[in-house]
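Novice: Right, I'll just put the structure down here and ask away after.
The values are calculated or read from the model by the stated rules, or taken from the named source; none is laboratory data. Keep in mind the model is a prediction, meaning the values are calculated, not measured. Cβ atoms come from the backbone with ideal geometry, glycine included; neighbour counts cover every protein chain shown.
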Ligand code: DON
């Protein structure tokens with residue numbers, strides 16, 4: 001167990017008092033789910049069941065990830081998708097790893113200034129609503145490549161549960177109903193989307209009601225039978241291109257025909273002896289998590305304590321420096337020469353530490369790179385199988401229900417991923433990210449992402465599978481879960497549930513979840529010069545697995561379950577299921 005202030009104080013107190021075990025310090029969190037053969041953690045309970053069934057039937061973690069990917073497209077339509085894209089990080093049982101990039105690409109006709117008016121100003125909503133916001137979807141190609149190359153079961157077997165839930169429907173629980181209610185106005189604007197997701201009286205489906213999606217069932221059945229060509233070369237692409245042309249979009253058939261998944265080398269780094277494997281560009285996630293961890297490695301976080309002003313101070317400063325690099329230097333590797341090795345270098349992290357004032361907040365404007373200003377919803381799931389193959393998937397439509405449009409007859413919600421590009425340097429996107437030229441729009445380019453499906457290993461064995469939705473905050477959500485387990489000794493559920501803080505360079509504020517910091521800590525940080533934004537909302541829905549015990553302490557005692565799963569308590573409909 002890490003040596004923390006809490007353990008030191010406990011050790012001295014236990015001489016005179018019989019103390020409750022320290023793990024009860026975070027008793028607000030439920031216990032993690034346990035399993036000996038496999039674990040599936042997703043944001044929708046029916047999808048978790050689909051994944052576990054695949055593992056029980058002899059499928060591996062990749063098979064389960066494919067089946068879950070299709071199932072979420074039906075039972076979690078605000079983010080689960082076949083009309084969007086995502087990333088899959090796989091760490092195989094032999095310790096090798098790979099990364100599948102099936103994120104959206106800009107249409108062939110996309111241009112750098114496509115969201116600007118004649119005066120060069122962004123047109124409100126143009127990159128978020130309707131067909132002009134849609135990037136060429138990659139999920140179907142990505143899930144099929146994963147299955148074909150690394151899975152064991154047939155496409156038909158893996159897609160059958162999703163087709164069943166689309167055809168026969170599923171009953172909404174409170175979490176499902178809330179997500180529909182929140183987007184009802186938006187969905188009402190597109191007749192095809194409204195026909196699926198709203199009742200004939202225009203109201204969203206409520207708790208206990210059944211959502212049936214016959215068009216989506218037919219699209220999934222066509223893909224199941226004919227493979228991705230049914231999506232990219234057949235009637236589905238034709239329907240999307242037709243709707244796009246009729247409603248202000250620029251998608252063309254060659255966009256679909258030319259779509260290709262990229263298999264890339266994941267980003268890897270070490271943190272206090274743990275090996276991190278995560279997403280490379282076109283995600284910023286893995287690089288920026290590693291950059292922040294490299295900076296934090298030089299501070300005794302476990303001694304400084306979870307939530308102390310000193311810990312929060314160094315975390316914010318590490319985030320500030322790393323997000324400057326994210327927002328100014330990174331982009332699609334086919335278009336941009338990403339300085340990955342520099343950003344992952346431990347010496348670079350030391351340079352950053354040397355610049356951090358131990359007593360004062362930094363100032364974001366002072367870190368503005370030269371020439372910078374010139375020229376919701378996602379979902380993550382984590383799976384591990386009996387052999388120790390670990391799969392982390394984050395995929396997305398970007399905003400909740402994506403662009404809010406469905407091409408007639410397809411049942412497929414389309415993404416608004418184009419908003420992740422820089423529309424104009426210096427102008428914030430949906431997540432407030434102020435980005436530069438490296439992420440400018442170009443034909444066939446992929447927008448820079450923050451999605452960070454991550455696997456952590458120790459001594460050559462899987463240790464943790466982790467990731468989350470949350471836009472630009474995905475990086476800090478994932479990072480904080482890792483630090484909470486490794487430095488602060490929290491169990492996997494506590495690590496995920498713990499209140500979050502976030503800083504992304506610009507705007508120069510520290511976002512804090514409700515009750516995230518004590519009033520004393522808030523005062524100390526304000527005194528150092530921080531601008532705290534005490535949000536009234538939580539963010540993220542992390543899904544994690546810890547191997548060998550629910551916490552480091554339990555692992556060290558050798559007494560834990562093999563697999564320990566935790567879905568974020570913020571995820572109203574999710575479930576961690578083990579067997
Ligand atoms: O790729 C990205 O970074 C974003 N499109 C992710 C969006 C997201 O997490 C929305 N969920 N809250």
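Novice: Criterion first (over 27 Å from residue 417 (Cα atoms), under 26 Å from the mean Cα position of the chain (by Cα) and in the same structural domain as residue 238 (by TED's automatic domain parsing)) does residue 160 satisfy it?
Specialist: Spelling it out, residue 160 is indeed over 27 Å from residue 417 (Cα atoms), under 26 Å from the mean Cα position of the chain (by Cα) and in the same structural domain as residue 238 (by TED's automatic domain parsing).
Novice: State all residues of region 401-412 that are more than 16 Å from the ligand (Cβ to nearest atom) and either surrounded by 24 or more Cβ atoms within 10 Å (Cβ to Cβ) or not assigned by TED's automatic domain parsing to the domain that holds residue 130 (or both); if no residue qualifies, say none.
Specialist: Result: 405, 406, 407, 410, 411, 412.
Novice: Further question on the same structure: Restricting to region 351-378, and then to whatever is out of contact with any strand residue (DSSP E or B) (no Cβ under 7 Å at 6 or more places or on another chain) and more than 30 Å from residue 310 (Cβ to Cβ), can you tell me which residue is surrounded by the fewest Cβ atoms within 10 Å (Cβ to Cβ)?
Specialist: Only one residue fits best here, namely 370.
Novice: Restricting attention to region 153-164, which residues are in a loop (DSSP other than H, G, I, E, B) and closer than 14 Å to residue 53 by Cα?
Specialist: Hit for region 153-164 is 153, nothing else.
Novice: If you go through region 514-561, how many residues are in a loop (DSSP other than H, G, I, E, B), in contact with a helix residue (DSSP H, G or I) (Cβ under 8 Å, 6 or more places away or on another chain) and within 30 Å of residue 42 (Cα to Cα)?
Specialist: Of the residues in region 514-561, 9 are in a loop (DSSP other than H, G, I, E, B), in contact with a helix residue (DSSP H, G or I) (Cβ under 8 Å, 6 or more places away or on another chain) and within 30 Å of residue 42 (Cα to Cα).
Novice: Among the candidates 271, 303, 321, 348, single out the residue that is over 24 Å from residue 96 (Cβ atoms), buried (at least 19 other Cβ atoms within 10 Å of the Cβ) and more than 16 Å from the ligand (Cβ to nearest atom).
Specialist: 321
Novice: Residues 571, 542: which one is farther than 24 Å from residue 290 by Cα and crowded, with 19+ Cβ neighbours inside 10 Å?
Specialist: None of the other options fit; the residue is 571.
Novice: May I ask you to say which residue of 535, 561 is surrounded by fewer than 23 Cβ atoms within 10 Å (Cβ to Cβ), in contact with a strand residue (DSSP E or B) (Cβ under 6 Å, 6 or more places away or on another chain) and over 30 Å from residue 433 (Cβ atoms)?
Specialist: 561
Novice: What number of residues within region 478-499 satisfy the criterion of being in contact with a strand residue (DSSP E or B) (Cβ under 8 Å, 6 or more places away or on another chain) and within 16 Å of the ligand (Cβ to nearest atom)?
Specialist: Residues flagged as in contact with a strand residue (DSSP E or B) (Cβ under 8 Å, 6 or more places away or on another chain) and within 16 Å of the ligand (Cβ to nearest atom) within region 478-499 amount to 4.
Novice: Could you run through region 562-579 and say how many residues are more than 17 Å from the chain's Cα centre (by Cα), within 26 Å of residue 79 (Cβ to Cβ) and assigned to a loop (DSSP other than H, G, I, E, B)?
Specialist: Selection size over region 562-579: 1.
Novice: Answer with yes or no whether residue 67 is crowded, with 24+ Cβ neighbours inside 10 Å and in contact with a strand residue (DSSP E or B) (Cβ under 9 Å, 6 or more places away or on another chain).
Specialist: Answer is no for this residue.
Novice: May I pose another question? Being within 24 Å of residue 509 (Cβ to Cβ) and away from the ligand (no atom under 16 Å from the Cβ) is the filter; apply it to region 371-380 and report the residue that is modelled with the highest pLDDT.
Specialist: Checking each candidate, the answer is 372.
Novice: While we're looking at this one, here's another question. Before we move on, is residue 511 within 16 Å of the ligand (Cβ to nearest atom) and touching a helix residue (DSSP H, G or I) at 6+ places or on another chain (Cβ under 9 Å)?
Specialist: Criteria met by residue 511.
Novice: From the list 398, 415, which one is on the phi > 0 side of the Ramachandran plot, within 10 Å of the ligand (Cβ to nearest atom) and either assigned by TED's automatic domain parsing to the domain that holds residue 339 or in contact with a strand residue (DSSP E or B) (Cβ under 8 Å, 6 or more places away or on another chain) (or both)?
Specialist: 398
Novice: Right, residue 457: more than 10 Å from the ligand (Cβ to nearest atom), under 20 Å from the mean Cα position of the chain (by Cα) and surrounded by fewer than 24 Cβ atoms within 10 Å (Cβ to Cβ) or not?
Specialist: yes
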